[in-house]
Amino acid sequence: MQPIPSQVMRTLPARALALSAAALAVPILGIVFFSESLDRYSVLLWTLALVPAFLLAYYRSWPWVSLALAAGMALLIAGYLVAIVRGFEAPDWPFLVFVVSAYIAIALGAGWIGELRESAAARQTTRQELERAYEALQRSHAELQAAQLQLIQAEKLESVGRLAAGVAHEVKNPLMTLLAGIQYLQKQGLATNADVEGLLVDMSTAVKRADFVIRELLNFSSPHPLDMKANDLNDVVERTLGLVKHEVDRVRITVVRELGEGLPPVTFDAYRIQQVFLNLIMNAAQAMDGSGTLTVRTRLTSASALGTAAGNRATGAVMSNLDAVLIEVDDTGPGIPADKLPKIYDPFFTTKPTGQGTGLGLSVALQIVEMHGGKLSIVNRAEGGVRATVLLRLQPEQDTHGDDREETRPAR
Amino acid sequence: METTAKKRVLLVDDEPTITRTVKLYLEGTGAFEVRTENQGKQAIPAAREFRPQVIVLDIVMPDADGGTIAADIKADPDLKDTPILFLTALVSQSEVGAHRGKIGGHPFLAKPVDMDKLVDTLNALAGGH
Ligand SMILES: Nc1ncnc2c1ncn2[C@@H]1O[C@H](COP(=O)(O)OP(=O)(O)OP(=O)(O)O)[C@@H](O)[C@H]1O
Ligand SMILES: [Mg+2]
């Protein structure tokens, strides 16, 4: 290992000396040979050419070019001195002093510019770093907030779940007694007049409504596995519209169907998705309160639109692979006030009178759509009213908590 | 046991209000003879004595759970052929391991049960007996 460094030590200075001597020889020879032609005017001309070039190179931060030009300027002075010494030129000391001091001033000026540039650059990077830090901070703040919201939501759901399971048992037993009792009275003809008869009908309706609410709550808090099958989407939409027919016919709501033709089969849990459509259509019908237009639309789209459910229309033309379907429910109701929009998915959030809304409709709908790996969005339409959009992949990925084993299908 | 045409049903549920009203309804139809039992543990002795054509079992009871009682009934040489119908207040089937309308191979109805439906189901279960 030793011979190598010592060898380097010995050979390096010699080579370096030889190289630098060769490098110096060129300009020195140049000076000596060309000094003959170097009079004051050519020095001045060269100076006028070199100085702006030097300043430019310096300003653009070309270190090697600046260095070469500075060396050129030094050679110019040296050449002029040689010319004087060799007697080609009459010594003009004031001129020399002028040129040299101009060079010094330029060098100082360049240094000053450099400093300015450096501090400006430093300030710039500091600002950029600050901005980056600020952005990172904002991002992590937003993430934290989202995480916190999710936690709150999860906590809410979990407590709802525990509560629901307990409540279901405690409530369904009394409901059973009530229903059996009411039906006994009806069956035995103990309703002696029309009032009592009506009363019994109302009572059994009330029991069934209470049962429905409990069931919704249970479904929501401990969802069954999904029963994924290929479905005709428009069929499911039609069936849902059939279910709400009496609700819609009761008032003057016009139902407009804009169902896409020739849609491929879509894989989903038909019962659940029907529940989603039902909730969205009921919300639309209830919002219109008497009269309006309910539009239900289906069409093929691209799953890449999942991220931008609302802005989907714009990208419609350039969609390459149509691997999802989109269902829109539009109403001409009053829309949702901006301050209420963030809350509509919350379990139990409702603006409807007690007995009419449990506030579970949209939370259930959102849960079901998300279990399918789809997207639900509710926005106010520019024309007024609300647009609810559901996006479902034709073939959802199999990582939803659903599970398509036949035998796990719960009976209903 | 005045009329042999009446179908004998043993109704086991820890809630006396349920057994009382359901018994009233079923016997009101004239087609059933109902014996009720509010303690899960008494289900098998009562069945031995009463010889029902169908046993209706609540699933969640404080002293015994319906699933275990059903298994005991199936293991009993005298009772093993008696059909069982579960009544459950838990609709969340994942919790009771239900599928295809059956829990542990027995049919079930979710509370609150429509009485017409209960009558139909009991007739169907007792029919082949
Ligand atoms: N199409 C709509 N137009 C106006 N407001 C709406 C619309 N859809 C939902 N909302 C608002 O969102 C709230 C929550 O809706 P959600 O479906 O979750 O509950 P709900 O309809 O009040 O009760 P439920 O659906 O359980 O009967 C509603 O109370 C209503 O204020
Ligand atoms: Mg609703």
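The values are calculated or read from the model by the stated rules, or taken from the named source; none is laboratory data. Quick caveat, the model's predicted, so the values are computed rather than measured. Neighbour counts run over all protein chains shown; Cβ positions are idealised from the backbone, glycine included.
Some observations on this one:
- Look at (1) free of Cβ contacts under 8 Å to residues at least 24 places away in the same chain; (2) touching a Ser or Thr at 6+ places or on another chain (Cβ under 7 Å); (3) within 16 Å of ligand 2 (Cβ to nearest atom) and you find that A:T351 fails only one, number (2).
- Qualifying residue in the range B:65-74 (condition: of a type outside the set (D, E) and either within 12 Å of chain A (Cβ to nearest Cβ) or part of a loop (DSSP other than H, G, I, E, B) (or both)): no
- Subset of the range A:318-366 [of a type in the set (F, W, Y) and more than 8 Å from ligand 1 (Cβ to nearest atom)]: A:F348
- Among the residues of the range B:73-90, those that are in contact with a helix residue (DSSP H, G or I) (Cβ under 6 Å, 6 or more places away or on another chain) and surrounded by fewer than 21 Cβ atoms within 10 Å (Cβ to Cβ) comprise B:L79, B:K80, B:P83.
- Qualifying position, being in a helix (DSSP H, G or I), touching a helix residue (DSSP H, G or I) at 6+ places or on another chain (Cβ under 7 Å) and within 16 Å of ligand 2 (Cβ to nearest atom), among A:Q275, A:Q286: A:Q275
- Taking residues in the range A:359-385 that are farther than 19 Å from A:S304 by Cα and touching a residue at least 12 places away in the same chain (Cβ under 8 Å), and partners anywhere that are assigned to a strand (DSSP E or B) and within 8 Å of ligand 1 (Cβ to nearest atom), the pairs with Cβ atoms closer than 8 Å and at least 6 places apart or on different chains are A:L362/A:I378; A:V379/A:V386; A:N380/A:V386.
- When the residues of the range B:96-129 are filtered to those that are farther than 15 Å from B:D58 by Cβ and at pLDDT below 55, the one that is surrounded by the most Cβ atoms within 10 Å (Cβ to Cβ) is B:H99.
- For the criterion of being in a helix (DSSP H, G or I) and more than 14 Å from chain A (Cβ to nearest Cβ), B:I44 passes.
- Test result for A:A338, of a type in the set (G, A, S) and surrounded by fewer than 13 Cβ atoms within 10 Å (Cβ to Cβ): yes
- Residue that is within 14 Å of ligand 1 (Cβ to nearest atom), in contact (Cβ under 8 Å) with a residue 60 or more places away in the chain and more than 14 Å from chain B (Cβ to nearest Cβ), where the choices are A:N219, A:N283: A:N283
- Taking (1) surrounded by 21 or more Cβ atoms within 10 Å (Cβ to Cβ); (2) acidic (D, E); (3) at pLDDT below 90 in turn, A:D331 satisfies each apart from (3).
- Qualifying residue in the range A:374-386 (condition: of a type in the set (D, E), farther than 26 Å from A:D269 by Cα and more than 16 Å from ligand 2 (Cβ to nearest atom)): yes
- The number of residues in the range B:4-19 that are at the interface with another protein chain (Cβ under 9 Å from one of its Cβ atoms) and either surrounded by 17 or more Cβ atoms within 10 Å (Cβ to Cβ) or touching a Leu at 6+ places or on another chain (Cβ under 6 Å) (or both) comes to 4.
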